[in-house]
1. Have a look at B:Leu97, B:Leu24, B:Leu237 and tell me which one the Gaussian network model of chain B (Cα, springs below 10 Å) gives the largest fluctuation.
2. When chain B is treated as a GNM, springs tying every alpha-carbon pair under 10 Å, which of B:Ile141, B:Ile104, B:Ile258 comes out with the largest mean-square fluctuation?
3. Please give the length that would be gained between A:Val126 and A:Ala10 if that part of the chain were fully extended, namely 0.36 nm times their separation in residues minus their C-alpha to C-alpha distance (nm, one decimal).
4. If r is the Cβ-Cβ distance from A:Val138 to A:Ile113 and R0 is 22 Å, what FRET efficiency results, to the nearest 0.05?
5. What accessible surface, in Å², does a 1.4 Å probe find on B:Thr239, ignoring ligands, DNA and RNA and rounding to the nearest 10?
6. Summarise the long-distance tail of P(r) for the protein assembly as shown by giving the % of C-alpha pairs beyond 30 Å.
7. For chain A, what relative contact order do you get, as a whole percent, if you take Cα pairs closer than 8 Å and at least 6 residues apart?
8. Could you give me the ³J(HN,Hα) list for segment A:184-189, computed from phi with Karplus coefficients 6.51, -1.76, 1.60 and θ = phi - 60°, whole Hz, x at Gly and Pro?
Amino acid sequence: MMQIIGTWIAAGLTLAIFSFLYKDNPFYKFAEHLYVGVSAAYAILYVLYFDVKPLLVDKFISEQGGERWILLVPAAFGLMMLARWIPKVSWLSRWSIALTVGIAAGLGITGQIQGILLPQIRGTLVPLTTVNNVLMVVGVISTLIYFYFSAAHKGALRYGARLGMVFIMMAFGASFGYTVMARISLLIGRLHFLVYEWLRLVK
Amino acid sequence: MKIFEKIANIDSRIIYLLLLLVVLIPLVFKLVLPINLSDPVKQAYQAIEQLPEGSVVMFSVDYDASSAPEIQPMLLATLRHAFSKKHKVVLLGQWALGLPFGEIGLNEVAPQFNARYGVDYVNLGYRPGYRAQMVGLGREIRDFYATDYKGTPLDQIPLMQGIHNYNDIDLLVGLEAGQAGEEWIQFAGARYGLNIIIGATGVIAPDMFHYMQARQIRGLIGGLQGAAEYETMINHLGTGVAGMVAQSWAHLLLLGFIIAGNVGYFVVRRRKQS
């Protein structure tokens, strides 16, 4: 019974969202706000129950010695983030944001160099024995020339940059094609649900 | 000439209606097209296929409802493949709203292979931390996941007793609707040498091909087409294959609209210039 009710609610909300294709209306707005609200509530409760409680509260109660007090540091930074709601002490939240940005930047720099730059350079150093390899190397070099702004794009640089632009356009085209496929897939997914699970037109 | 003006300014609702029809008809009449297998998907399949029986495969569910129609078929297909090879499955995710989809997938597939929770598979759930978590998992999974999705401490779960970090994981299957795939490659793949295959939405997939070319990932399942290919390879046809005729018809319709729209635009412009 619960599954049938759930299917009808899901179908109703799907149709409410689809109704926006005709024009904006209260059904669409209701479904949109419901989705945002439920998503936010789910994420908050999930983090509180599975993260804050076991890794902070429970651990603080069960841990002994110095490690217990170290837990107060992330707890304090977390509370300082909430200070944004109180105008008089909202500046405190900047410390938490600074910590987050610092960690993200530190991890990002090492990750980009170790995980993208060096392996991708290694992946580009290939023998020019196949058409694919030649195309790839020419594409990389000409695209780099396109983004080289320290000299005017004249002479050989001009041709290199133009070729680079062709490769960039081809990449955009491939991305657009894949994006079309992705969006159609979402429509297929919802219609599949409506036809097979809600209306049960097909078994 | 009026016809070209109409084509150039066609009401978007007509496009939506035609799109609805070309997607709906193949679904209702269950039309099926032969699926051609691509190398990236074949390699993803081989990455799971070639693992010795009992290997540990970690699944990262990094998507939510907005991309589930594309990625959920991939999750189901790769889970089926992993369970059929008697691999152990550890599922987690970087998107809080994605975990229900992971749980739905496990509940659907695991019983078909008599897989037991805690022994053959486990759902660790979601924890915040993202990049820091991906690095930290290389040291000790318990630092981030004190309990599983149901609140059971990891040390009380038989499967997790020998699993502490990436050294105990044989393959990561990243199912991606955002940037998490790149982060897994950077922080688990490059730093710890973890073998990775990626299943990505059509929007993300083009950005993953260069990782494939540089051998940073072992395989790539791109969009609904990739899911359909994987379903074909494991010989279990699901929503991926079911949607491919609709997908093809919709692409033809959109190609037609792009061509017609451009013809209309250029004819109207030329007329105005003259």
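The values are calculated or read from the model by the stated rules, or taken from the named source; none is laboratory data. Computed from a predicted model, the values in this text were never measured in an experiment. Cβ atoms come from the backbone with ideal geometry, glycine included; neighbour counts cover every protein chain shown. The accessibility values were calculated without ligands, DNA or RNA, using every heavy atom of the protein model including side chains. Shrake-Rupley method; radii C 1.70, N 1.55, O 1.52, S 1.80 Å.
1. B:Leu24
2. Maximum among the listed residues: B:Ile258.
3. Working: separation 116, 0.36 × 116 = 41.76 nm, distance 5.11 nm.
36.7 nm is the gain from fully extending A:Val126 to A:Ala10.
4. Values: r = 25 Å, r/R0 = 1.15.
That pair, A:Val138 with A:Ile113, gives E of 0.30.
5. Here the residue's solvent-accessible area equals roughly 60 Å².
6. Details: 62904 of 113526 pairs.
I get 55 percent for the Cα pairs in the protein assembly as shown exceeding 30 Å.
7. Values: 88 pairs, mean separation 25.6, N = 203.
13 percent.
8. For segment A:184-189, the Karplus-derived couplings read 5, 4, 5, 4, 4, x Hz, x marking Gly and Pro.
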